[in-house]
Amino acid sequence: NKPKVWVSRPIFPDIVDRLRPHFEVRAESDEHAFTPADRAARLADADAAIVGLAERIDAQTIAAAPRLRFVANLGVGYNNLDLDALTAAGIGASNTPDVLTETVADYAWALLLAAARRVGEAERWLRQGHWQGFRFDGWLGADVHGKTLGILGMGRIGQAIARRAAGFRSRVIYHNRSRLEPGLELDCGATYVDKATLLAESDHLVLVLPFTPQTRHAIGAAELAAMKPTATLVNIARGGIVDDAALARALADGTIASAALDVFEGEPSVHPGLLHLENIVLSPHIASASRDTRRDMAALAVDNVLAAFGHGPHAGRPPSILNPGVLADASRPLIPN
Ligand code: GLV
Ligand code: GLV
């Protein structure tokens, strides 16, 4: 009897096929918003699961999934997983770091440039048929080159964003829980500052923090008020890091000039105050969505599941396991035998 794996959303069929020699695969053929009851029904007899960021795997879910031994998350951020509860239950978990770093960094720059130079707003206006002729004094946006780029959160993605700044001759400042080692700071061309300095001196500020109870509303009304009125704010990290209601007010009253969001509090709903503003670029959580990278993410999730069950080139060593301690617990071996 093969173990059962639930794949919660359509990924790439040829990549899912790599599971079939070793697993009975239940793969969803379209995108669902699962109710907790739907999810519990699918996990009731699953030994492994490959889940998206919308699937909350918490203590209650785990209690209803007695056979579950491994959860592979299709994303680098894993605030949808209760990692402590998974670890306590001896269930391994993995995410998809590294494979998406450069693609997400590209997208952070795409949003920054689009917001600062008013690309979305201008395009909407053109499509609506308003264009009568070249306007010398119209559509004035903010320069990106030669300005100060601020990065809040300086992990792998923050560093990749910083490296791209060299071509723009930008000054890069950052704030992070822990300071980078000097060699890495030099490599990124980034200078560590406290959060108050970051807010005050950034011409453009990009957020790349993980979502935790401590980072919730890291950017709220007070932080927005501390930024330059000409500044652009970009959030490619997680909804909830920005207080979206406060951002809507700040954009409407000119506290800051513009913003771009790929992630939202309570997504897929978007704060109604943001939807009618012209000085914001909105996108539906697509920062890692390149053809190559989404395949790499799916393949990494599959590799983690295969490895956890003793198959493939990484047998026994899931390449991006978040709680490797579960592998060492001999009383509850992860790999069934
Ligand atoms: C996407 O949001 C991810 O965490 O990979
Ligand atoms: C603008 O199109 C210019 O030619 O400067």
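Points worth noting:
- Per-region count, segment 17-53, residues surrounded by 16 or more Cβ atoms within 10 Å (Cβ to Cβ) and either within 16 Å of ligand 1 (Cβ to nearest atom) or basic (Lys, Arg) (or both): 7
- When segment 278-301 is limited to residues that are buried (at least 16 other Cβ atoms within 10 Å of the Cβ) and more than 16 Å from ligand 1 (Cβ to nearest atom), the one that is nearest to residue 13 (Cα to Cα) turns out to be 281.
- Flag if residue 65 is outside the structural domain of residue 268 (by TED's automatic domain parsing) and within 14 Å of residue 302 (Cβ to Cβ): no
- Any hit, segment 232-248, residues being over 20 Å from the mean Cα position of the chain (by Cα) and touching a residue at least 40 places away in the same chain (Cβ under 8 Å): no
- Verdict on residue 262 being of a type in the set (Asp, Glu) and surrounded by 13 or more Cβ atoms within 10 Å (Cβ to Cβ): yes
- Of all residues in segment 48-80, none satisfies the criterion of being in contact with a Gly (Cβ under 7 Å, 6 or more places away or on another chain) and in a helix (DSSP H, G or I).
- Of everything in segment 95-130 that is more than 16 Å from ligand 1 (Cβ to nearest atom) and acidic (Asp, Glu), the residue that is nearest to residue 159 (Cα to Cα) is 121.
- Residue pairs meeting the criteria (Cβ under 7 Å; at least 6 apart or on separate chains; first free of Cβ contacts under 8 Å to residues at least 40 places away in the same chain and assigned by TED's automatic domain parsing to the domain that holds residue 170, in segment 128-145; second among the small types (Gly, Ala, Ser) and part of a loop (DSSP other than H, G, I, E, B)): 145/170
- In segment 187-199, the residues that are in the same structural domain as residue 230 (by TED's automatic domain parsing) and at positive phi form Cβ pairs under 9 Å with partners that are part of a helix (DSSP H, G or I) and loosely packed, with under 13 Cβ neighbours inside 10 Å, at six or more places apart or across chains, as follows: 189/166.
- Residue within segment 35-47 that is part of a strand (DSSP E or B) and either among the aliphatic types (A, V, I, L, M) or over 21 Å from residue 99 (Cβ atoms) (or both) present: no
- Applying the condition of being within 16 Å of ligand 1 (Cβ to nearest atom) and touching a helix residue (DSSP H, G or I) at 6+ places or on another chain (Cβ under 8 Å) to segment 83-94 and asking which residue is farthest from residue 235 (Cα to Cα) yields 93.
This table checks each residue for (1) in a helix (DSSP H, G or I); (2) at pLDDT 95 or above; (3) closer than 23 Å to residue 281 by Cα.
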| position | (1), (2), (3) |
| --- | --- |
| 151 | no, yes, yes |
| 162 | yes, yes, yes |
| 197 | yes, yes, no |
| 212 | no, yes, no |
| 216 | no, yes, yes |
| 224 | yes, yes, yes |
| 228 | no, yes, yes |
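- Residue count for segment 239-271, restricted to those that are of a type in the set (Gly, Ala, Ser) and within 16 Å of ligand 1 (Cβ to nearest atom): 4.
- Screening 298, 250 for residues that are in contact with a helix residue (DSSP H, G or I) (Cβ under 6 Å, 6 or more places away or on another chain) and assigned by TED's automatic domain parsing to the domain that holds residue 209 leaves exactly one candidate, 250.
- Members of segment 62-80 that are within 16 Å of ligand 1 (Cβ to nearest atom) and under 17 Å from residue 44 (Cα atoms): 71, 72
The values are calculated or read from the model by the stated rules, or taken from the named source; none is laboratory data. Because the structure is a prediction, the values reported are computed rather than measured. Cβ sites come from the backbone with ideal geometry, for glycine too, and all protein chains shown count toward neighbours.
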